[in-house]
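What follows draws every value from the coordinates through simple rules; no lab data is involved. Keep in mind the model is a prediction, meaning the values are calculated, not measured. Glycine gets a Cβ as well: all are built from the backbone with ideal geometry, and neighbour counts include every protein chain shown.
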Amino acid sequence: KAGVTQTPRYLIKTRGQQVTLSCSPISGHRSVSWYQQTPGQGLQFLFEYFSETQRNKGNFPGRFSGRQFSNSRSEMNVSTLELGDSALYLCASSLPGLAGGEQFFGPGTRLTVL
Amino acid sequence: TQLLEQSPQFLSIQEGENLTVYCNSSSVFSSLQWYRQEPGEGPVLLVTVVTGGEVKKLKRLTFQFGDARKDSSLHITAAQPGDTGLYLCAGARSNYQLIWGAGTKLIIKP
């Protein structure tokens with residue numbers, strides 16, 4: 001079974017630009033979560049989608065948004081990029097219906113904002 | 001507010017030594033998961049503990065869930081350089097959300 005895939009793996013943007021990251025979950029997994037990881041803040045939860053609906057949301061500004069498609073693939077968008085948005089963005093999928101289901105992570109997208 | 005406290009934050013020991021890392025909270029969780037993350041990769045699930053007092057073993061790694069389901073520990077026997085990584089714990093709540101600890105960065109020196 002193929003694992004979680006994320007594209008692109010690396011991205012360099014400048015302040016003020018916007019970016020869209022993509023995540024394909026493991027086949028059969030309907031929950032997709034997004035995380036931001038930085039050395040200073042650790043792993044921070046952004047949001048979770050289940051059956052195309054946002055089910056949980058972390059404490060991030062509205063510049064961070066996401067969506068999920070009918071095939072469970074998900075995208076996250078960051079608008080008006082700031083230097084502090086430089087981070088590893090991780091996507092994780094899990095089986096449907098489980099409270100705090102075990103997460104299967106992709107390799108991440110390393111975003112650098114200049 | 002960090003709802004899951006992991007300690008120590010950083011640990012560097014020699015190959016062959018034993019170690020224990022902790023994951024503590026004042027909240028009760030329905031289950032607790034441990035992950036290991038290597039540089040440049042996403043975290044990988046090691047184990048899930050569900051029942052209070054439960055002990056699970058994965059080769060040289062022993063995981064324990066506290067009786068009250070508020071805390072957990074990970075003990076590594078005879079650590080090897082391949083154990084190097086960031087160890088993360090995550091507690092599951094009934095609203096489908098996972099609460100993550102900040103992690104323990106472990107370095108095993110040959």
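Taking the Cβ-Cβ separation of B:Asp67 and B:Gln14 as r and a Förster radius of 41 Å, what is the calculated FRET efficiency to the nearest 0.05? My answer for the efficiency is 0.80. Using the Karplus relation 6.51 cos²θ - 1.76 cosθ + 1.60 with θ = phi - 60°, the per-residue 3J(HN,Hα) values for segment B:39-51 come to x, x, 10, x, x, 10, 5, 9, 7, 10, 10, 10, 9 Hz, with x marking Gly and Pro. For chain A, modelled as a GNM whose springs connect Cα atoms under 10 angstrom apart, the maximal fluctuation among A:Glu48, A:Glu82, A:Glu102 occurs at A:Glu102.
Distances between placed amide hydrogens fall under 5 Å for B:Glu54 paired with B:Phe65, all partners being 5 or more residues away or on another chain. Taking B:Gln33, B:Gln80, B:Gln97 as the candidate residues, the one with maximal mean-square fluctuation in a Gaussian network model of chain B, Cα springs under 10 Å, is B:Gln97. For the pair B:Thr84 and A:Thr14, label points projected 7 Å from Cα toward Cβ lie 3.8 nm apart.
If you count, for every residue in B:17-29, the Cβ atoms of partner chains within 10 Å of its Cβ, what is the mean? Provide the component values of the computation, followed by the final result.
On the way: counts 0, 0, 0, 0, 0, 0, 0, 0, 0, 0, 0, 0, 2.
Average per residue, whole number: 0.
For a 28 Å ceiling on Cα separation, which of these pairs sit above it: A:Lys57/B:Lys57; A:Lys13/B:Lys109; B:Lys59/B:Lys105; A:Lys57/B:Lys56; B:Lys57/B:Lys109; A:Lys57/B:Lys70? Going by Cα-Cα distance, A:Lys57/B:Lys57; A:Lys13/B:Lys109; A:Lys57/B:Lys56 fall outside the 28 Å limit. Across segment A:1-72, C-alpha contacts under 8 Å between residues 6 or more apart give a mean separation that, scaled by the residue count, equals a relative contact order of 23 percent. Across B:Leu74, B:Leu88, B:Leu98, mean-square fluctuation computed from a Gaussian network of chain B (C-alpha pairs under 10 Å connected) peaks at B:Leu98. When each of the peptides A:9-15, B:58-64 is scored by the mean number of other C-beta atoms lying within 10 Å of its residues, the order from highest to lowest reads B:58-64, A:9-15. When you filter the chymotrypsin sites (Phe, Trp or Tyr not before Pro) in segment A:45-114 for DSSP loop state and at most 13 other Cβ atoms inside 10 Å of their Cβ, you are left with A:Phe69.
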